[in-house]
């Protein structure tokens, strides 16, 4: 845990950064189910006061990642394939509905900009760390635009509650088995449905995107054995003995036949 937030950073931002540090340590199994998280130790390690640590732990308890026990403090909950699938199930329910509602409200210019950036990254021949950072940043903008355009503050707020956890999972998965390439193609399908003002199709495309992401996360974080006997979540989850099939030029080309402004 090497992140050291500045004392001048607003309290809410410090809390979010502390939460991300803790989440990363759980996802990467630096701490495991049953381990205690001691406020004083976390505050000293991260370089903040106990207040943002306490707030971050409360936030993580709210999404079920840690458990606050009387006289014991925070205890890490089990985090394996079942827990990952539970998280993605919630995302599927919340974000597919957000996509359906956003179809009649979303800013067309903002959506076209995200589509252009999606295609640029999808067809970029370089797959380095900088490319992955750009994809994950665009991914966040894509999902946030849709939730903010849903027209319901309560739904957007519930999606926001899981934002740090989703970002940490996304960073941990990275482009394992071309997960980011496939996500860009799936985003294009959602975007094209939204541009066509087809809420039902946008919801279906978002649902397929998150279902496929479930298997990608389980595969990357828990290994192929965790997928044994599981049914592929969507047609885009193209498995072979080596995992997800590599993204080919012809697969990318399919996105170019979609919406044209």
For this session: Test residue 127 against the stated conditions and say whether it is surrounded by fewer than 20 Cβ atoms within 10 Å (Cβ to Cβ) and over 16 Å from residue 93 (Cα atoms).
Result: yes
Problem set entry | Subset of the stretch 115-130 that is touching a residue at least 12 places away in the same chain (Cβ under 8 Å) and more than 17 Å from the chain's Cα centre (by Cα) - its residue that is nearest to residue 192 (Cα to Cα) | 115
Exercise. Regarding residue 32, is this residue assigned to a strand (DSSP E or B) and either closer than 20 Å to residue 165 by Cα or within 20 Å of the chain's Cα centre (by Cα) (or both)?
Worked result: no
Exercise. Hey, which of the helices (runs of 4 or more DSSP H) in the stretch 45-124, taking only ones fully inside, have at least 3 residues that are in contact with a helix residue (DSSP H, G or I) (Cβ under 9 Å, 6 or more places away or on another chain), surrounded by 14 or more Cβ atoms within 10 Å (Cβ to Cβ) and in the same structural domain as residue 221 (by TED's automatic domain parsing)?
Worked result: 81-102, 108-122
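The values are calculated or read from the model by the stated rules, or taken from the named source; none is laboratory data. Nothing here was measured: the structure is a model prediction, and the numbers come from that model. Every residue, glycine as well, gets a Cβ built from its backbone with ideal geometry; the counts of neighbours run over all protein chains shown.
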